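Report on the structure given below.
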Amino acid sequence: MGTSLAVSNVRPESKGLRSSNHKASVAVFTRDKASLQWAPRWLEHMHLTARLVHEVQDLLDILKTGSCEVVIIDSALHPSLASALSLSGVPVLVLCGTSKDIQQALSSGATDIVRRPFEWQIVAERASRIVREREIRKKLQRVNDELSKSKVKEQDQRSLSARRIDTLTDLPDREGFLGILGRALTFSGDKDGADQLVVMVMGIDRFRVVNKEIGHHHGNSLLSQVAQRLRDCLQDKAVVGWGSEGTVLGAAARISGVRFALMLSLNDRSKLTMLQTAIAERMNKPYEVAGQLVYLSFSSGAAIYPGDHSEAAGLLQCAEAAMLEAREVGVAFRSSSEIRSAKSGVLELDQMLRDAVEKEQLSLVYQPIFDMQSRRVVATEALLRWHHPEQGLIPPSQFVPLAEQTGLMVRIGTMVLNRACAQLREWIDGGATPVRMAVNVSLCQLIAGDLAQIVRTALDTYGLDASLLELELSERGVVNKHVDIVQAVHALKSTGVRISIDDFGTGNAAISYLRDLPVDVIKIDRSYVSGPSATPRANAIASGMAVMAKELNAQIIAEGVEDQAQLSTVCDWMCDEAQGFLMAEPLDPDEVLQLIKQAPNTLFIERKNPEFAISVTLPSGENLNN
């Protein structure tokens, strides 16, 4: 992993903040029936344990024992209780029904609030985030405690400790670095200039493996070389110097076992990325230990004064948290301010999306799916579009993942299902031959548990035969072996609809889940058909997948067909149906209706620009227009 920076967002199970056999306990104090039903499920999904509390005294008893780490309380039960709980030191998340509740919760010192209607996926995610943040703070505090409790026995070590110097590297230790940083902050605050202090924390990746391979003694030698290289970086103007208006002061320290810190004062913030890159290039060069070359990689985090924190300890902790996140996700260089800006953008997009749902800015287009034998439209896939009145078309890749993370996709998915069924009913009433309607289903819709009933209601409302509705489950995002998911899919199948696996061949369970799920249709992912991944090896894999699907009596659809060569390929795979820009791009309902009504021998798609009119020729040379 190369040197990189980001803000920490470490999941407990991935970084060992919490033992895998111990889950954080969350007390839930509410009498709302829906909340009592969904709270335990969503909290368990976020690896938390829900403790449903029915009486105030029971909640107080739990707090006395310290057995819960977060309290979720419905303000409707006891408006003043949140204020009392906040004094206990346990984070309190308040469920608010009115603006008055929100104001009272904020004034009482609540850690976070959620407004009605309560989307328990969001509540659970916020509770999980609170737990993770507490664990990170505890971990950092333990590091500080261990350093403060350590005692040196030799006289020279006591002398170095008094000077706050690390005995191995002769660099300042954590306390020494904080002292230097504190004085630098005071100096910067007294100046009238535009200096900005940058704190970088660099952690060596997988050092235990290296240390085990070369031995503890050589491992110490390697750490000493890392320290010397950091000193060289600070003294080398080719690395940190930008002339008279560049770096004006700097310091390096070893703040813990394999973590090092740098402090730099820059007049020109635009040089920050160049600075990080230059330091990374120097630090990643090979080291020589005991006659052999050793390569190290670093994960880095950065925080900036005064934007990220105004105190030395807080600034260093921000940089350490960013380093932990960089190690977790392996991102490229980012400053804390850039990350805050990105988070702010996500919050803004979330609010915009919720407004779009309320104002009905979301719409559907339909991409036809053609039968390879009859050459007619036999199905359409409903595709979601967002036309923002000011920002124009916002791509699904930008807002759909956000909707799924926040749980808003449950509401959006129901809207899409009903609109698609209504459109199919309108086509049939308009004289069109009935075609299948394919609708995508997200993970949060399956977890919600009532999707089968929603489907039945939609079919009854619009008087549609269940066989005309095809629900697409994405292999990458939905399909897995979890018992709840398998049960949800079987419940959907019991309604009579067709089950389709989208993006087939991109996940890690393509073979195993076919044994457990009632699959009617398999859609071979477009990466096997078009683009740089469509190699001869991919062709062979896709052909084998098609044969396997045939043996399972599943229908095969190729998606992403963009030219005649690709059409020839999917014909070789013996696909039953195909969709893609070669035959038709996503269209408005009226255009689809005209296409459905066309006879096979007149299949010719006239685009808005005549030069884009296409005719499709099969591998045998027979033209679809004939």
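One residue stands out in the range 404-416 among those that are modelled with pLDDT under 85 and not acidic (Asp, Glu): the one that is most open to solvent (accessible area, probe 1.4 Å), namely GLN405.
Matching residues to (1) at pLDDT 85 or above; (2) small (Gly, Ala, Ser); (3) closer than 27 Å to LEU364 by Cα; (4) in contact with a strand residue (DSSP E or B) (Cβ under 9 Å, 6 or more places away or on another chain):
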| residue | (1), (2), (3), (4) |
| --- | --- |
| GLU559 | yes, no, yes, yes |
| LEU567 | yes, no, yes, yes |
| ASN601 | no, no, no, no |
| ILE614 | no, no, yes, yes |
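If you scan the range 346-373, which residues turn out to be open to solvent by 50 Å² or more (accessible area, probe 1.4 Å) and either more than 27 Å from the chain's Cα centre (by Cα) or basic (Lys, Arg) (or both)? Passing the criteria: ARG354, LYS359, GLN373. A Cβ distance below 9 Å, combined with a sequence gap of six or more or placement on separate chains, defines the contacts here; from the range 120-145, residues that are under 24 Å from ARG254 (Cα atoms) reach residues that are of a type in the set (S, T, N, Q) and assigned to a helix (DSSP H, G or I) in the pairs ILE136/GLN317; ARG137/GLN317; LEU140/GLN317. Residues of the range 548-583 that are hydrophobic (A, V, I, L, M, F, W, C), closer than 18 Å to GLN373 by Cα and open to solvent by 30 Å² or more (accessible area, probe 1.4 Å): ALA565, CYS571, MET574. In this structure, is VAL400 of a type outside the set (Phe, Trp, Tyr) and under 30 Å from GLU562 (Cβ atoms)? Yes. What is the residue count in the range 374-391 for residues that are crowded, with 17+ Cβ neighbours inside 10 Å, farther than 27 Å from ASP572 by Cβ and of a type in the set (D, E, K, R)? Qualifying residue count for the region: 0. If the condition is being modelled with pLDDT under 85 and crowded, with 18+ Cβ neighbours inside 10 Å, then the range 176-187 contributes ALA184, LEU185.
Of all the numbered requirements in (1) in a helix (DSSP H, G or I); (2) free of Cβ contacts under 8 Å to residues at least 40 places away in the same chain; (3) of a type outside the set (D, E, K, R), VAL114 misses one, and that requirement is (1). Among all positions in the range 505-518, there is at least one residue which is more than 24 Å from the chain's Cα centre (by Cα) and modelled with pLDDT of 85 or more.
Scanning the range 33-44 for residues that are surrounded by fewer than 17 Cβ atoms within 10 Å (Cβ to Cβ) and over 23 Å from the mean Cα position of the chain (by Cα) yields LYS33, ALA34, LEU36, GLN37.
When we screen VAL240, VAL248, VAL226 for residues that are at pLDDT below 75, open to solvent by less than 50 Å² (accessible area, probe 1.4 Å) and not aromatic (Phe, Trp, Tyr), the only hit is VAL240. Residues in the range 45-79 that are open to solvent by 80 Å² or more (accessible area, probe 1.4 Å) and without any contact (Cβ under 8 Å) to a residue 12 or more places away in the chain: GLU55, GLN57, LYS64, THR65. For GLU426, the stated conditions hold: it is modelled with pLDDT of 85 or more and surrounded by fewer than 16 Cβ atoms within 10 Å (Cβ to Cβ).
Contact map, the range 297-310: residues that are in contact (Cβ under 8 Å) with a residue 60 or more places away in the chain and closer than 22 Å to ALA278 by Cβ paired with residues that are in a strand (DSSP E or B) and open to solvent by 30 Å² or more (accessible area, probe 1.4 Å), Cβ distance under 6 Å, separation 6+ or inter-chain. Pairs shown: ILE304/GLN196. Each residue in the range 98-149 was checked for being of a type in the set (D, E, K, R) and touching a Gly at 6+ places or on another chain (Cβ under 6 Å), and 2 of them qualify.
Is one or more of the residues making up the range 466-478 modelled with pLDDT under 85 and in a helix (DSSP H, G or I)? No, the range 466-478 has no match at all. Among the residues of the range 390-414, those that are outside any helix (DSSP H, G or I) and under 26 Å from LEU459 (Cα atoms) comprise GLY407, LEU408.
The values are calculated or read from the model by the stated rules, or taken from the named source; none is laboratory data. Computed from a predicted model, the values in this text were never measured in an experiment. Every residue, glycine among them, receives a Cβ derived from its backbone with ideal geometry; neighbour counts consider all protein chains shown. Side chains are part of the model used for accessible areas, which takes the heavy atoms of the whole protein and leaves out ligands, DNA and RNA. Shrake-Rupley method; radii C 1.70, N 1.55, O 1.52, S 1.80 Å.
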